[in-house]
Amino acid sequence: MSWLVVARKDFEDAVRSRLLWAITAIFLLFTAGAVYVRKAVLPDAPGLPSATQFLTAPSSLVIPLAALVVAYLAIAGERESGSIKILLGLPHSRADVVLGKLIGRTAVVTAGIVVAFAGAAVTLLALFGELPVVDFALLTLVTVLFGLTYVGIAIGASSFAATRSRAMALAISAFFLFQVLWDIVPFGVYYLVEGSLPNPTSALPAWYYFAQIVNPNTAYTRAAEIVFSGVGPYVPAETLAGSGTPFYVQNWFGLVVLLVWLVVPVALGYWQFQRADIG
């Protein structure tokens with residue numbers, strides 16, 4: 001398994017460069033720290049279940065940024081430095097390189113998430129005297145998938161780009177698209193279709209909510225809702241224009257969206273990398 005060799009070396013390089021330790025420290029600060037600050041600032045806020053679910057807020061900000069930073073140079077950096085020729089000179093195919101880099105960088109992000117959530121668990125236990133172990137474990141798994149999704153986006157960008165600067169531009173664009181700009185996408189689509197802006201007091205078409213959930217950040221929030229409120233619809237039927245409740249307004253569809261954002265960028269990046277003239 002040549003890809004496993006690439007993944008192991010990639011992970012070991014991250015450990016030696018202290019990238020793993022930096023990512024873990026950042027995740028720990030934003031999870032355990034956020035839970036502690038929430039309790040200190042809002043002592044009368046809802047209890048343990050709400051505090052546990054609150055972890056999705058800092059995670060949806062710091063994990064995408066950290067995962068993109070960790071992975072966007074995985075392949076583009078080696079192409080620009082020329083070390084990719086040495087890697088491909090060994091018995092590694094280009095598919096091995098892409099898959100190995102994906103697994104290696106995923107291991108770095110996953111290790112950081114697991115340690116950070118362990119710290120958050122200790123913080124919750126200290127603050128509330130108990131911990132919903134099963135719910136917390138499931139939330140951790142969903143968060144790991146969220147991190148893997150952004151690693152996939154970054155690896156796809158790194159495979160697609162020939163230089164560091166282009167890979168960086170793609171990573172930054174992805175971050176701002178999903179964190180900042182996507183909120184106006186449903187409004188824009190609604191205006192093009194209906195000729196007016198959506199009225200929050202009236203029923204909206206189901207596709208409007210589809211335009212929201214295809215953002216991986218929103219998909220993560222919806223997938224995390226499975227842990228707390230089940231796989232059912234997150235949009236009440238009375239708020240939907242028309243009859244019926246489409247499958248894509250169900251919480252479980254968030255998992256599908258995350259998997260699509262993992263697979264498609266990597267596949268596109270590999271397609272371009274396979275065609276590229278490395279020299």
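State all residues of region 77-122 that are of a type in the set (Ser, Thr, Tyr) and either under 18 Å from the mean Cα position of the chain (by Cα) or buried (at least 18 other Cβ atoms within 10 Å of the Cβ) (or both); if no residue qualifies, say none.
Result: Thr106, Thr110.
Given (1) farther than 25 Å from Tyr72 by Cα; (2) open to solvent by 20 Å² or more (accessible area, probe 1.4 Å); (3) touching a residue at least 24 places away in the same chain (Cβ under 8 Å); (4) not in a loop (DSSP other than H, G, I, E, B), where does Glu130 come up short, assuming only one miss?
(4) is the only condition that Glu130 fails.
Within region 151-183, track down each residue that is among the hydrophobic types (A, V, I, L, M, F, W, C) and within 21 Å of Ala211 (Cα to Cα).
Ile153, Ala174, Phe175, Phe176, Leu177, Phe178, Val180, Leu181, Trp182, listed by residue number.
Only one of these conditions is not met by Thr140: (1) at pLDDT below 90; (2) over 21 Å from Ser83 (Cα atoms); (3) open to solvent by less than 50 Å² (accessible area, probe 1.4 Å). Which number is it?
(1)
Does region 119-126 include one or more residues that are in contact (Cβ under 8 Å) with a residue 60 or more places away in the chain and assigned to a loop (DSSP other than H, G, I, E, B)?
Scanning region 119-126 turns up no residue that is in contact (Cβ under 8 Å) with a residue 60 or more places away in the chain and assigned to a loop (DSSP other than H, G, I, E, B).
Residues that are without any contact (Cβ under 8 Å) to a residue 24 or more places away in the chain and in a helix (DSSP H, G or I): does region 145-160 have at least one?
No, there is no match, as no residue in region 145-160 is without any contact (Cβ under 8 Å) to a residue 24 or more places away in the chain and in a helix (DSSP H, G or I).
The values are calculated or read from the model by the stated rules, or taken from the named source; none is laboratory data. Keep in mind that this is a model prediction, so the values were computed, not measured. Don't worry about glycine lacking a Cβ; one is built from the backbone with ideal geometry, like all the others, and counts go over all protein chains shown. We work out accessible area using only protein heavy atoms, side chains counted, and drop any ligands, DNA or RNA first. Shrake-Rupley method; radii C 1.70, N 1.55, O 1.52, S 1.80 Å.
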